[in-house]
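Written below as structure tokens is the structure these notes are about.
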Amino acid sequence: IAEKIESVAGSKAVFVTGGMPGVQETFAKNCGDGSRVWNLLPLGQSSGFGRGTDINAGADLEERKAIFGLVGHIYITVEGGPGVSQEARAAHARGASVVPLMRTGGASSGLFEFPQGALQKPPFSTEEQWSLLASNTASVDESAAALAVVVGGAVAYSRKETAEQAADRLRSEMGRDACIICILGGTEFRGSDSEALVKAIAEKIESVAGSKAVFVTGGMPGVQETFAKNCGDGSRVWNLLPLGQSSGFGRGTDINAGADLEERKAIFGLVGHIYITVEGGPGVSQEARAAHARGASVVPLMRTGGASSGLFEFPQGALQKPPFSTEEQWSLLASNTASVDESAAALAVVVGGAVAYSRKETAEQAADRLR
């Protein structure tokens with residue numbers, strides 16, 4: 001958890017321990033370089049952790065506990081006894097978010113008068129994520145990753161983040177050095193070969209786009225689900241949904257931002273470097289316009305019709321050949337006489353060019369991508 005949570009929680013997050021051995025010391029010593037860790041102890045005491053900054057409040061442990069239960073926006077609990085329950089009750093009673101790692105037992109599983117409301121799934125978590133906090137059969141990595149994502153959702157929920165702040169948080173979660181490629185498309189396939197095209201694109205694009213590329217869907221059926229289920233092993237796929245919702249894809253990692261679909265759409269239009277569009281209606285055009293307006297690369301598979309062919313106020317500039325594509329490649333995105341494999345291969349190569357263009361890659365990086 002300590003290793004994963006620093007980036008997921010966002011650049012504004014800081015982490016506070018009570019300066020105690022066990023869970024708190026282990027967390028402090030494994031959370032980045034410790035520069036965002038604060039250890040809160042009674043006056044005149046020190047943690048001895050050698051990591052993080054010690055701060056003091058309260059004349060004794062009881063006073064420090066009372067203060068600890070008041071200072072945070074979000075509380076993570078692991079195991080614990082009556083003292084952990086006491087601080088969790090105080091935090092929960094005043095409306096702070098409490099995220100218990102229930103599989104660890106003790107207070108975190110509901111003992112010692114732990115607040116029962118804190119054991120119920122909050123609006124910023126999906127059912128799957130919450131169940132992984134309780135599951136004893138899930139791997140350590142699965143439960144830790146789920147807790148980190150839930151806390152990321154809690155940060156957004158507690159701060160009522162703007163679309164720009166949400167996009168920044170998500171970029172941090174997916175990796176600051178990642179090239180984010182977003183997939184836009186209709187929830188039902190209209191064209192006879194559109195589904196085959198999406199499958200072929202998903203199969204080809206992972207290697208062409210380079211090792212730093214990640215792929216983001218909006219967690220919707222149709223184009224996005226088909227892409228997610230056919231893009232490698234899914235380890236580089238992220239499904240972005242409103243808080244508390246899940247994709248049900250069984251492939252990729254679900255992440256959350258935005259209170260509803262409209263907020264999620266606004267964030268989706270801000271988070272990516274490159275957008276691929278297939279078919280689509282007014283919603284696809286809306287997100288493509290937002291992306292194009294801020295200078296992101298939009299690559300429409302024009303032959304599939306709908307928004308991607310220029311309907312619904314799709315950005316007209318995005319239909320023009322960009323500098324990272326050849327005339328032949330661009331024409332294959334529009335051609336209804338080209339084979340599925342030809343159009344899919346052309347789109348994958350165009351996106352590879354867009355990755356290089358967006359990242360201003362060095363000669364060495366270009367050679368590595370081409371390999």
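The values are calculated or read from the model by the stated rules, or taken from the named source; none is laboratory data. Predicted, not measured: the structure shown is a model, and the values here were computed from it. Please note: Cβ atoms are built from the backbone with ideal geometry, for glycine as well, and neighbour counts cover all protein chains shown. The accessibility values were calculated without ligands, DNA or RNA, using every heavy atom of the protein model including side chains. Shrake-Rupley method; radii C 1.70, N 1.55, O 1.52, S 1.80 Å.
When V155 is tested against (1) open to solvent by less than 50 Å² (accessible area, probe 1.4 Å); (2) touching a residue at least 40 places away in the same chain (Cβ under 8 Å); (3) more than 20 Å from V16 (Cβ to Cβ), only condition (3) is not met.
Would you say A88 is among the small types (G, A, S) and surrounded by fewer than 16 Cβ atoms within 10 Å (Cβ to Cβ)? Against the criterion (among the small types (G, A, S) and surrounded by fewer than 16 Cβ atoms within 10 Å (Cβ to Cβ)), A88 does not qualify.
In segment 53-85, the qualifying residues are those that are touching a residue at least 40 places away in the same chain (Cβ under 8 Å) and among the aliphatic types (A, V, I, L, M), and the one that is nearest to Y157 (Cα to Cα) is I74.
Find the helices (runs of 4 or more DSSP H) located wholly in segment 150-263 whose residues include 1 or more that are farther than 27 Å from L301 by Cα, and list them.
Answer list for segment 150-263: 163-174.
For segment 319-329, the criterion of being part of a loop (DSSP other than H, G, I, E, B), modelled with pLDDT of 95 or more, more than 22 Å from M220 (Cβ to Cβ) and of a type in the set (A, V, I, L, M, F, W, C) is satisfied by no residue at all. Looking only at residues of segment 230-245 that are open to solvent by 10 Å² or more (accessible area, probe 1.4 Å) and under 12 Å from the mean Cα position of the chain (by Cα), we find that the one that is nearest to F268 (Cα to Cα) is W238.
How about segment 83-106: which of its residues are part of a helix (DSSP H, G or I) and either closer than 18 Å to V151 by Cβ or touching a Leu at 6+ places or on another chain (Cβ under 9 Å) (or both)?
Once the filter is applied, which keeps residues that are part of a helix (DSSP H, G or I) and either closer than 18 Å to V151 by Cβ or touching a Leu at 6+ places or on another chain (Cβ under 9 Å) (or both), segment 83-106 yields G83, V84, S85, E87, A88, A90, A91, H92, M102, R103, T104.
Look at segment 112-149 and say how many of its residues are open to solvent by less than 20 Å² (accessible area, probe 1.4 Å), over 19 Å from A88 (Cβ atoms) and not in a helix (DSSP H, G or I). Counting residues in segment 112-149 that are open to solvent by less than 20 Å² (accessible area, probe 1.4 Å), over 19 Å from A88 (Cβ atoms) and not in a helix (DSSP H, G or I) gives 2. If only residues of segment 46-61 that are surrounded by 17 or more Cβ atoms within 10 Å (Cβ to Cβ) and on the phi < 0 side of the Ramachandran plot are counted, the one that is nearest to the chain's Cα centre (by Cα) is R51.
Here is the figure for segment 209-229: residues that are farther than 23 Å from E262 by Cβ, more than 15 Å from the chain's Cα centre (by Cα) and surrounded by 19 or more Cβ atoms within 10 Å (Cβ to Cβ) total 3.
Cβ-Cβ distances below 6 Å connect the following pairs, each with a first residue in segment 17-45 that is open to solvent by 40 Å² or more (accessible area, probe 1.4 Å), a second residue that is among the charged types (D, E, K, R) and outside any helix (DSSP H, G or I), and a separation of six or more residues or different chains: K29/R51.
Within segment 177-208, count every residue that is over 20 Å from the mean Cα position of the chain (by Cα) and either of a type outside the set (S, T, Y) or open to solvent by 10 Å² or more (accessible area, probe 1.4 Å) (or both).
Number of matching residues: 20.
Just to verify a result, which residue in segment 264-293, among those that are in a loop (DSSP other than H, G, I, E, B) and open to solvent by 10 Å² or more (accessible area, probe 1.4 Å), is nearest to S235 (Cα to Cα)? Checking each candidate, the answer is H273.
Condition check ((1) within 21 Å of T77 (Cβ to Cβ); (2) assigned to a loop (DSSP other than H, G, I, E, B); (3) of a type outside the set (S, T, Y)) across all residues:
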| residue | (1), (2), (3) |
| --- | --- |
| V16 | yes, no, yes |
| P21 | yes, yes, yes |
| Q24 | yes, no, yes |
| A28 | yes, no, yes |
| D33 | no, yes, yes |
| G44 | no, yes, yes |
| G50 | no, yes, yes |
| D54 | no, no, yes |
| G58 | yes, yes, yes |
